[in-house]
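Undergrad: Here it is: the structure, laid out below.
Every number in this text was worked out from the coordinates using simple rules, so none of it is lab data. Keep in mind that what you see is a predicted model, and the values were worked out from it rather than measured. Note: ideal-geometry Cβ built from the backbone for every residue, glycine included; neighbour counts use all protein chains shown.
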Amino acid sequence: MHPNPAFRSADHAKDIAFARARGFGTLCVSAEPVPLLAHVPFALSENGHRAMLHLVRSNPIARRTDSEAPARIAVMGPDSYISPDWYGVDDQVPTWNYVAVHLTGRLIRQPQEDMRVMLDHQSGMAEAHLAPKPVWQTDKMTPEVLERMMRQIVPFHFEVEQIDATWKLGQNKPDAVRMAAAEAVEADGVGQELVALAALMRDPPEL
């Protein structure tokens, strides 16, 4: 997380809402010689206390987590390079604006028989965004195929113990300077989800 308190979130309601809507992040578990990472969809509860996720059984994190392990999920949002030329004032330096939320806690392996209910819950949250398309659930699958698939994935809960967030949107700049940079991000930015980032820069959330 960025050390400047101007970008650090104190009220985590918006951080939870952001991570919940995103529903995808990088799961990190300590290991030697390097940490283990997995890119996972997850379903975060409304209060942000627990996430459901699953891993392929052959994933190194699944193989080494028989019960529970300390872990973190990093959730990235829109981002872009910010050129000093965009500010319209002298003596500025290049930077990168972005949104990121880190969920820190414990990854806890669940009984294998919970996998189907968890998968229906996770897919249901994603499918809800596709309405009026009928919701996909596991009962649409051939039982034999479903059983084979269920053996290949492992259910986990992620108990959230700490939330950290950075909303680096140029809040440390005068309004006119930040607005000028937002216009340039939307027109010529180098990054991801430039329109969304520009909108956040124009109207940064209260931190």
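Undergrad: I need the shape label for the stretch 97-148. Rule: rounded when a/c is under 1.5, else prolate if a/b > b/c, else oblate, with a, b, c from the alpha carbon gyration tensor.
TA: oblate
Undergrad: Still on this model: For the stretch 1-61, how big is Rg over Rh, using alpha carbon atoms and the Kirkwood form of Rh?
TA: 1.04
Undergrad: Tell me, 150, 1, 52 in order of fewest to most beta-carbon neighbours within 10 Å?
TA: Least crowded to most crowded, the residues run 1, 150, 52.
Undergrad: Lys/Arg Cβ at +1, Asp/Glu Cβ at -1, dipole of the chain taken about the Cα centre: which of 94, 132, 118 is farthest positive-ward?
TA: The Cα lying farthest towards the positive end belongs to 118.
Undergrad: Still on this structure, please answer the following. Magnitude of the Cβ-charge dipole of the stretch 8-96, K/R +1 and D/E -1, about the Cα centre, nearest 20 debye?
TA: With Lys and Arg at +1 and Asp and Glu at -1, about 600 debye.
Undergrad: In degrees, nearest 10, range 0 to 90: what is the angle between the Cα axis of helix 13-22 and the longest Cα principal axis of the chain?
TA: 60
Undergrad: Answer rounded, prolate or oblate for the stretch 122-168, using the Cα gyration tensor with square roots of eigenvalues a ≥ b ≥ c: rounded when a/c is under 1.5, else prolate when a/b is larger than b/c, else oblate.
TA: Oblate, since a/c reaches 1.5 and b/c is not below a/b.
Undergrad: Can you compute the helix-only [θ] at 222 nm over the chain? Use -39500 (n - 2.57) per DSSP H run of at least 4 residues, normalise by all residues, nearest 500 deg cm²/dmol.
TA: -8500 deg cm²/dmol
Undergrad: Same structure again: Just report the Cα centroid separation between the stretch 99-145 and the stretch 26-54, whole Å.
TA: Between the Cα centre of the stretch 99-145 and that of the stretch 26-54, the gap is 15 Å.
Undergrad: Let me check the size of the stretch 90-207 from its C-alpha atoms; what are the radius of gyration and Dmax in Å?
TA: 21.4, 67
Undergrad: Using a Gaussian network model of the chain with C-alpha springs under 10 Å, which one of 119, 130, 146 is most mobile by mean-square fluctuation?
TA: In this elastic network of the chain, the residue with the biggest mean-square fluctuation among 119, 130, 146 is 130.
Undergrad: Listing 24, 156, 18 from the residue with the fewest other Cβ atoms within 10 Å to the one with the most, what is the order?
TA: Least crowded to most crowded, the residues run 24, 18, 156.
Undergrad: Roughly how many debye, to the nearest 20, is the charge dipole of the stretch 90-187 about its Cα centre, given +1 on each Lys and Arg Cβ, -1 on each Asp and Glu Cβ, and no other charges?
TA: In total the dipole reaches around 260 debye.
Undergrad: Can you list residues whose amide H is under 5 Å from residue 95's amide H, if they're 5+ apart or on another chain and H is modeled 1.01 Å from N?
TA: Under 5 Å from the amide H of residue 95 lie the amide H atoms of 82, each far enough along the sequence or on another chain.
Undergrad: Suppose a student asked you for the relative contact order of the chain, using Cα pairs under 8 Å spaced at least 6 residues apart; what percent would you report?
TA: Dividing the mean separation by the residue count of the chain yields 27 percent.
Undergrad: With the contact rule set at Cα under 8 Å and sequence spacing of 6 or more, what percent relative contact order holds for the stretch 101-207?
TA: It comes to 34 percent, rounded to a whole number.
Undergrad: Based on the Kirkwood radius over alpha-carbon pairs, what value in µm²/s does the Stokes-Einstein equation return for the translational diffusion coefficient of the chain at 10 °C and 1.306 mPa s?
TA: For these conditions, the coefficient is 84 µm²/s.
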